[in-house]
Amino acid sequence: MSNNSEEQITKNVLDSMAQTPNPRLKQVMTSLITHLHAFIREVELTEDEWASGIQFLTSTGHMCNDKRQEFILLSDINGVTMLVDAINHRSADGATESTIFGPFYRSGAQELPMGATISKDGRGEPVVVTGCVLSTDETPIPNALLDVWETAENGLYEQQDPEQPDMNLRGKFRTDREGRYCFVGIKPVSYAIPEDGPVGQLLQALGRHPFRPAHIHLLISADGFASVTTHLFVKGDPYLDSDAVFGTKDSLIVDFIKHHSEEEAARYHVATPFYMVEYDFVLKRLGER
Ligand code: BEZ
Ligand code: FE
């Protein structure tokens, strides 16, 4: 190991891992070191740049606590989260596509009856979201669970905003015997991801904006089926083509249709005007590829 030429350094590190007992760890670390060293060689990293990188990662760590995960945000804005998602969820034809989970999910939302609203403060423009949960052969799935969450009209999730009631704009819904679901939310708005930390500074340094296109989050599960973590995006949103975390998928962009009919509004127990979205979710059976 005495010859520390540039190429020899890489070889020495790879050789040092030769006895790694876990074959997957060996494969991942061998590839990681090979690519990392190749990157450093390619850009001819300076010592100052190396120190800035270390400082950046240190600040990223310091920004993390039990409510804030700056490393996941870093993964998100670099497309790593969506690439891992794409590799791990190669959808069966017709199955609902997955997208980024994000850091704002909270477990323990209340299960609500069909058609109930997730708004606890009555603010925002109501949207009725309805459709079916189906298998890939179009069989309705009864008793599927939809766990939904979204920001308030100010673009903040309830845990970011002391003005909002606890668990505002979160709820769980079950499909009926025909696989139908219905819930009332609010028309989502585009919003900025947290930009007060190192990730925000990096976005700024790269000349990038921090916005996500308006969306409602859904986590859909049913016995015997693979769960899907997904969104419904609002057609026409200005950030659909430049989502700060690269989560947009064409199949998840839907029309939010505005309605003014008092009669229709009364049917859904909402005020006018309101929006309607109709969307069927399709789940893969466990083991289906
Ligand atoms: C979200 O959609 O909630 C989200 C996703 C990634 C980073 C920040 C927020
Ligand atoms: Fe979100």
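The simple spin-label model puts a point 7 Å past each Cα toward its Cβ; for LYS235 and SER59 those points are separated by 4.2 nm. Positive end of the dipole of the chain (Cβ unit charges, origin at the Cα centre): among MET114, THR248, SER190, the Cα lying farthest that way belongs to MET114.
Between GLN201 and SER261, the FRET efficiency estimated from the beta carbon spacing at R0 = 35 angstrom works out to 0.10.
Remark: spin-label model distance LEU25-HIS209 equals 4.5 nm, labels positioned 7 Å along the Cα→Cβ axis.
Explain nothing, just the number: dipole magnitude of the range 126-196 about its Cα centre with +1 on each Lys and Arg Cβ and -1 on each Asp and Glu Cβ, in debye rounded to the nearest 20. All intermediate terms of the calculation are to be shown ahead of the outcome.
On the way: 6 positive and 13 negative charges, 86 e Å.
In total the dipole reaches around 420 debye.
Mind giving me the FRET efficiency for GLN160 and SER242? R0 is 22 Å, r the Cβ-Cβ distance, nearest 0.05 is fine. Computed FRET efficiency for GLN160 and SER242 comes out at 0.50.
Extension gain for ARG123 to GLN69 (0.36 nm times residue separation, less C-alpha to C-alpha distance): 16.6 nm. Packing order of peptides 198-209, 117-128, highest average first: 117-128, 198-209 (average count of other Cβ atoms within 10 Å over each peptide's residues). A simple spin-label model places the labels of GLU44 and GLU7 1.9 nm from each other, with each point 7 Å out along Cα-to-Cβ.
Over 18 Å apart at the Cα level, from the set LYS172/LYS258; LYS235/LYS258; LYS120/LYS187; LYS235/LYS284, are LYS172/LYS258; LYS235/LYS284. Placing +1 on each Lys and Arg Cβ and -1 on each Asp and Glu Cβ, with no other charges, gives the chain a dipole about its Cα centre of roughly 700 debye. Its residue count N fixes a reference of 2.2 N^0.38 Å for the range 202-246, and the Cα radius of gyration divided by that reference is 1.55.
Sort the range 144-289 into rounded, prolate or oblate with this rule: let a ≥ b ≥ c be the square roots of the eigenvalues of the Cα gyration tensor; rounded if a/c is under 1.5, and if a/c is not under 1.5, prolate when a/b is larger than b/c, oblate otherwise. Write down the numbers at each step before the final one.
Details: a/c = 1.76, a/b = 1.28, b/c = 1.37.
It comes out oblate by the Cα gyration axes.
Working from Cα pairs under 8 Å separated by at least six residues, relative contact order for the chain is 21 percent. For the chain, with all protein chains in place and a probe radius of 1.4 Å, 53% of the accessible heavy-atom surface sits on carbon or sulfur.
Order the peptides 30-43, 164-177 from the highest to the lowest mean number of other Cβ atoms within 10 Å of their residues.
Working: 30-43: 12.0, 164-177: 18.6.
Answer by packing, highest mean first, reads 164-177, 30-43.
Calculate, for the chain, the solvent-accessible area per residue in square angstrom, rolling a 1.4 angstrom probe over the heavy atoms of the protein chains. Display every interim value, and only then the final one.
Working: 16220 Å² over 289 residues.
Result: 56 Å² per residue.
For the range 150-227, the relative contact order is 28 percent, taking Cα pairs closer than 8 Å that sit 6 or more residues apart in sequence and dividing their mean separation by the residue count.
Averaged over residues, the count of other Cβ atoms within 10 Å places the peptides 251-264, 228-241, 268-281 in the sequence 228-241, 268-281, 251-264, highest first. Classify the range 78-220 as rounded, prolate or oblate from the Cα gyration tensor: take a ≥ b ≥ c as the square roots of its eigenvalues, call it rounded if a/c is under 1.5, otherwise prolate when a/b beats b/c and oblate if not. Note, shape of the range 78-220 comes out oblate.
The values are calculated or read from the model by the stated rules, or taken from the named source; none is laboratory data. Because the structure is a prediction, the values reported are computed rather than measured. Note that each Cβ is placed from the backbone with ideal geometry, even for glycine, and that neighbours are counted across all protein chains shown. Quick note on the areas: whole protein, heavy atoms, side chains included, nothing else; ligands and nucleic acids left out. Shrake-Rupley method; radii C 1.70, N 1.55, O 1.52, S 1.80 Å.
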